[in-house]
Amino acid sequence: MQFNVSKCKVIHVGNRNPRFSYSKSNNKFQAVETEKDLGIMIRLDLKCSQLRIYAYKKAIRVMGMIKRTISYKEPNIRLSLYKTLVRPHVEYCSSAWNPFYKKDKDLLEKIQDRYTKMIINMKDKTYEYRLRHLRLWTLEINRSRWLNG
């Protein structure tokens, strides 16, 4: 199997990293600050803020698609669409990048808050009421339940 240098990249992690240049067969590896692999964005500072923003934008796009294309507004159908199409984007690899900053948790929780308002007769209710009525958990509680088995 041939080694493809053009597909290889280097991330220099750490402030004291000497940032050497790596090469193979006189072809230099590209040095990058962020790389996406298996759906996880890895940054040289090892912060997950970009992954949180990516997950948020992806989930918002799917929510918009549901809102534009699905005219049937029965709560059980809407809830099933949320659980199968939206929530997986938010929860994907959450054990690897588990958001521990409040701003990260709040941004991701905003997705569920916005979606539950799209369900008929739920827009004027509180977020806590909507969660109880729809038998959902906050994303943080759901993540800890999943991690603890």
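Within the stretch 38-66, the residues that satisfy the criterion of being of a type in the set (D, E, K, R) and part of a helix (DSSP H, G or I) are 52, 57, 58, 61. The residue that is farthest from residue 89 (Cα to Cα), counting only those in the stretch 14-50 that are hydrophobic (A, V, I, L, M, F, W, C) and exposed (fewer than 11 other Cβ atoms within 10 Å of the Cβ), is 20.
Tell me, yes or no, whether the stretch 69-77 has at least one residue that is acidic (Asp, Glu), touching a Lys or Arg at 6+ places or on another chain (Cβ under 7 Å) and touching a residue at least 12 places away in the same chain (Cβ under 8 Å).
no
Just one of the numbered conditions (1) modelled with pLDDT of 90 or more; (2) more than 30 Å from residue 127 (Cα to Cα); (3) in a helix (DSSP H, G or I) is not true of residue 6: (1).
For residue 20, the criteria (1) farther than 25 Å from residue 120 by Cβ; (2) assigned to a helix (DSSP H, G or I); (3) at pLDDT 85 or above hold in every case but one, which is (2).
Taken over the stretch 67-76, the residue count meeting the criterion of being of a type in the set (Ser, Thr, Tyr) and in a helix (DSSP H, G or I) is 1.
If the condition is being closer than 18 Å to residue 109 by Cβ and either exposed (fewer than 14 other Cβ atoms within 10 Å of the Cβ) or polar (S, T, N, Q) (or both), then the stretch 62-85 contributes only 83.
Yes/no per residue for (1) in a loop (DSSP other than H, G, I, E, B); (2) more than 24 Å from residue 64 (Cβ to Cβ); (3) at pLDDT 85 or above:
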| residue | (1), (2), (3) |
| --- | --- |
| 105 | no, no, no |
| 113 | no, no, yes |
| 136 | yes, no, yes |
| 144 | no, yes, no |
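All told, residue 88 falls short of being over 17 Å from residue 137 (Cβ atoms) and either free of Cβ contacts under 8 Å to residues at least 24 places away in the same chain or within 14 Å of the chain's Cα centre (by Cα) (or both).
The values are calculated or read from the model by the stated rules, or taken from the named source; none is laboratory data. This structure is a prediction, so every number in the text was calculated from the model and none was measured. Heads up, the Cβs are rebuilt from the backbone with ideal geometry, glycines too, and the neighbour counts pull from every protein chain shown.
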